[in-house]
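Coordinate-derived values only; no laboratory data. Every value quoted in this text rests on a predicted model; they were computed, and no experiment measured them. Glycine also receives a Cβ, built like all others from the backbone with ideal geometry; neighbour counts cover every protein chain displayed.
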């Protein structure tokens, strides 16, 4: 975009990287991912490696949603910094997308740091690199959608904790829709199942099947929700 | 020529409502380029809201606020303004130089000029010795300087400082005052502070906000001359009725209190009448033991607003 956008991204990534909280969150997610691979995905009985990978990717996707909820707290303008940010000659899009991009980079970095776990499955089992690639694409897309919802909630609420709780609520509602769908009839059944970012839309990608429709769902939803976030932020900035 | 006639700041009937509460109501004023103007007011008077509107962080509910002709809540105006909020928003994890460079970038300083701008502001705000220190490690005085530096790093035409003296010791206040008075490029400065004496020493002109309204405006001397009409006089033993009769033609109000060795008189006149009052005392053969105008003009102005919200200001 431009130099100012780059400056916002660098500043925000720096804020994650130079504060203990950013690293604590990263350490927590990395530990939980390793634990869930050993304790849940591999289990105590012999399982096909592709199944282990799929379960690992499913759990990692939920952890990424949780990570997006935590990072939401940083997506809201800090109360002390807000007057300065609002007085800077920056566009609403630059401010919202800059913070979103920085959070996405941090989330992406943490996610990619877990790649050694599926690499262990790759070395010791029979899974393809394409399976790992589509699985990780689904995790990143879930993360992007989670952060987009977080950006929106951050623009709508006044406190970081409220924004995080609201984001968690929206994501939980979408995921629970997958189970509610079993009690409904078409067209609601299909709609509710398809809206669930992890349970519904992530299934094909986690199984190593590249589905353009699923990727498009994530990208369209993320873009749409980010546009809501920009509108909400702009309206608050002008209020 | 046209540009020189454009006021640096022009507020026309500016109001800001938060729900049913008017934080700022129908405020109008003009500030010329290069002026240093103080914004005075009690807590909740609307100073910070007014300053946030000036820097484009808030939009007026009604009215118009322009910075060198551009609406304040636009990026054209924001580029021309430097802002120090009441608590400096410093990025604690960065070094002073890194922080100022980041702000310069966000303030649209071209890449090839950033290094020079940062070096100049480090020098003018005497931050050279802490340039590589993390902001988090700085003392309050240095943090305030860094806050001022970030407001100046893009060499703005208008500098807005919200309570810049807050928490500084007397030496730091004097130092900051000198810095403000000798800013590079002679920008227009608007500042608010609770330290009334300081605002008088720093500013060319004062605007007094009270309950969101512009209650008074003028120079410190104008405020001071207003207050020279409030006198406190200490006289020796006298027939107080005769003194009152002699003073009445010159006084708007007359109050006498018996004290040891005479009387203490509290007087208000319609203009500076000290000479007439002294002559009247001489005519009555009464000893004048002391005479002084209210010593803190601004505090007295504030008090008069609190007691009488309709009181008129200097102009």
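Data for the structure
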{"item": "Computed over region B:1-61: relative contact order in percent, which uses C-alpha pairs under 8 Å that are six or more apart", "result": "32"}
{"item": "Among A:28, A:57, A:77: highest mean-square fluctuation, GNM of chain A, C-alpha pairs under 10 Å", "result": "A:28"}
{"item": "Average beta-carbon neighbours from other chains, 10 Å sphere, peptide B:71-82", "result": "2"}
{"item": "Tensor-based shape of region A:164-224 (alpha-carbon gyration tensor, a/c under 1.5 rounded, otherwise prolate or oblate)", "result": "oblate"}
{"item": "Rg/Rh for region A:108-226, where both radii come from Cα atoms and Rh is the Kirkwood radius", "result": "1.02"}
{"item": "Shape call, region B:73-120: gyration tensor on alpha carbons, a/c limit 1.5", "result": "oblate"}
{"item": "Global form of region B:94-204, assessed from the alpha-carbon gyration tensor, a/c cut-off 1.5", "result": "oblate"}
{"item": "Residue-span extension gain [residue B:62 to residue B:260] - 0.36 nm each, minus C-alpha spacing", "result": "65.5 nm"}
{"item": "In degrees, nearest ten, helix B:170-181 long axis to first principal axis of chain B (Cα)", "result": "70"}
{"item": "Quarter of the Cα convex hull surface for region A:75-165, i.e. its orientation-mean projected area (nm²)", "result": "7.1"}
{"item": "Degrees separating the helix A:212-237 axis from the principal Cα axis of chain A, which is the longest one", "result": "20"}
{"item": "B:201, B:47 arranged by Cβ crowding within 10 Å, fewest neighbours leading", "result": "B:201, B:47"}
{"item": "Separation in nanometres of the label points that stand 7 Å from Cα toward Cβ, at residue B:275 and residue B:70", "result": "5.3"}
{"item": "Stretch gain in nm, segment residue B:6-residue B:211, where the contour uses 0.36 nm per residue and the Cα spacing is subtracted", "result": "70.9 nm"}
{"item": "Cα principal axis extents for region B:1-68, largest first, Å", "result": "43, 23, 19"}
{"item": "Max mean-square fluctuation residue, GNM over chain B, Cα-Cα springs under 10 Å, options B:71, B:40, B:291", "result": "B:291"}
{"item": "Average beta carbon contacts from partner chains per residue of A:75-86, 10 Å cutoff", "result": "5"}
{"item": "Percentage relative contact order, region A:56-196, counting C-alpha pairs under 8 Å, at least six apart", "result": "35"}
{"item": "Between 0 and 90°, nearest 10: helix A:20-36 axis offset from chain A longest Cα axis", "result": "10"}
{"item": "Rg/Rh for region B:1-122, where both radii come from Cα atoms and Rh is the Kirkwood radius", "result": "1.01"}
{"item": "Length-normalised contact order for chain A - Cα pairs under 8 Å, 6+ apart - percent", "result": "25"}
{"item": "Projected area, mean over directions - region A:1-89, Cα convex hull, nm²", "result": "7.8"}
{"item": "log10 of Debye I(q)/I(0), alpha-carbon scatterers only, for the protein assembly as shown at 0.05, 0.10, 0.11, 0.12 Å⁻¹", "result": "-0.33, -0.90, -1.01, -1.11"}
{"item": "Label point distance in nm, residue A:234-residue A:19, each placed 7 Å from Cα along Cα→Cβ", "result": "2.8"}
{"item": "Calculated log₁₀ intensity ratio I(q)/I(0) where the Debye formula runs over C-alpha points of chain B, q = 0.13, 0.14, 0.15 Å⁻¹", "result": "-0.93, -1.02, -1.12"}
{"item": "Surface/4 of the Cα convex hull for chain A, nm²", "result": "14.2"}
